[in-house]
Amino acid sequence: MKKTKNRSFLFMHERISRLKRMGDGALLCVVLLGIQMGMCWPTFAASASMSKIEALLVLSQKIEDDLVTNKSFFMDETLDAYLSSVTSNLITHATGTVENVRVRVIPKEYPYACSYPHGLILIDASLLALMKNEAQLAAILSREVAHLVSRHPLVYADKESGLLNNSASTNKADVLWKALAIDGYAKNVEAEADRDGFAMMKAAGYDMRESIEAFQLLLFKAMGSPSHFFYNKKLSLLPTLQYYYRSISTNNSLAEGITRTQEYRDATQNATVEDVRMRMLRHNYIDVKDVLDEVVQFNPSNALAHALLGEFYRLCGPGPNHLDVAIAQYAESIILNPTNASVYLELGLLLRQTGKYAESKLVLKKYLELKPEAPDVSIVRGYVDEAAPSK
């Protein structure tokens, strides 16, 4: 009995990192973005020969370069190509010109979108999870493109932040991010983005009714959550929602247009699932089941989504049979991806916990085959070799 207790105690440390290992082979992503994003960037000093505008552009580019260096974006070529295609299409219908626009996805916990002076648009992975189709995403991106076309990020940063007026400022990147992402724009500037973004989205052929749904989802998500901080300081979603609703009603824009639900789900599924995995690592289970259920509805072959559903049901699943559901989800994940050793470990341990010792041993043996050098090998082998308790 004492030996079993010691074994279980030693095994606790290994199980702490199981959810991290579950994402082996998933998107490469390191979370270096807290609420104070600039904290991870070095001090920037403007050259005396630069104009203020040039210095702002250089600083803005440096922010992106540091994010790339620190691998703080979701690395997914399929997603990048998809976002580039959607954004490029919107730009062709803009009232002005803008070059070198690119969209990057970051891991945060709030639905978030922000454009930077040099053409970068940052969106959060939780925003991708919140939106239901491409038309809803286009409603968000078209407003950010509208800001860039009108040079709002550049003009506002120069006018409001005092970014380069004080050379003793210790963290200019932080000041720039706060000015653009948190403080937001004046109401008349947001109204201009509403007007131009609406026209851009409509000209691109999207179903404009989805824009209402997109902003309603954001508004609902913002209420009573940390994202309220981002969306309701200078920028309120209510005027945007009201403008789009009036414009749709008066411009006869209710005709069906482009929605592209499946295409959107295919392109965003990996970032969405990885975002969920990272939230679960932080013990944030809000909306986890709903998001994962939607992923497997549109992409039933997503092995990691099934594994995370198994983890969710194991930890906090509702109903008396939640462990059976967890076992079924882990098993489905293994069928879809028979090489992810950590899922074998989770399934084997859960089978053992529920008294299915024979099945547990078979699954744990497979784990040992896949991970012969794992630090928990001796403990797992002990589980495989032990006799089933007598009834």
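For this structure, a couple of remarks:
- When segment 57-80 is filtered for residues that are out of contact with any strand residue (DSSP E or B) (no Cβ under 7 Å at 6 or more places or on another chain), in contact (Cβ under 8 Å) with a residue 60 or more places away in the chain and among the hydrophobic types (A, V, I, L, M, F, W, C), the ones remaining, listed by number, are L57, L59, I63.
- Against the criterion of being modelled with pLDDT under 85, of a type in the set (K, R), buried (at least 22 other Cβ atoms within 10 Å of the Cβ) and over 28 Å from Y264 (Cβ atoms), K159 does not qualify.
- Segment 354-391, residues that are touching a residue at least 40 places away in the same chain (Cβ under 8 Å) and surrounded by fewer than 13 Cβ atoms within 10 Å (Cβ to Cβ): P375
- Residue count, segment 354-380 (criterion: within 37 Å of the chain's Cα centre (by Cα), under 21 Å from I327 (Cα atoms) and in a helix (DSSP H, G or I)): 13
- Checking every residue in segment 304-322 against the condition of being crowded, with 17+ Cβ neighbours inside 10 Å and at pLDDT below 90 gives at least one match.
- Search result, residues across segment 337-353 that are surrounded by fewer than 15 Cβ atoms within 10 Å (Cβ to Cβ), touching a residue at least 24 places away in the same chain (Cβ under 8 Å) and not in a helix (DSSP H, G or I): T339
- Boolean, Q329 is in contact with a His (Cβ under 6 Å, 6 or more places away or on another chain) and over 27 Å from S72 (Cβ atoms): yes
- Residue in segment 68-100 that is farthest from L154 (Cα to Cα), counting only those that are among the β-branched types (V, I, T) and in a helix (DSSP H, G or I): T78
The values are calculated or read from the model by the stated rules, or taken from the named source; none is laboratory data. Model, not experiment: these values are computed from the prediction. All Cβ positions, glycine included, derive from the backbone under ideal geometry; neighbour counts span all protein chains shown.
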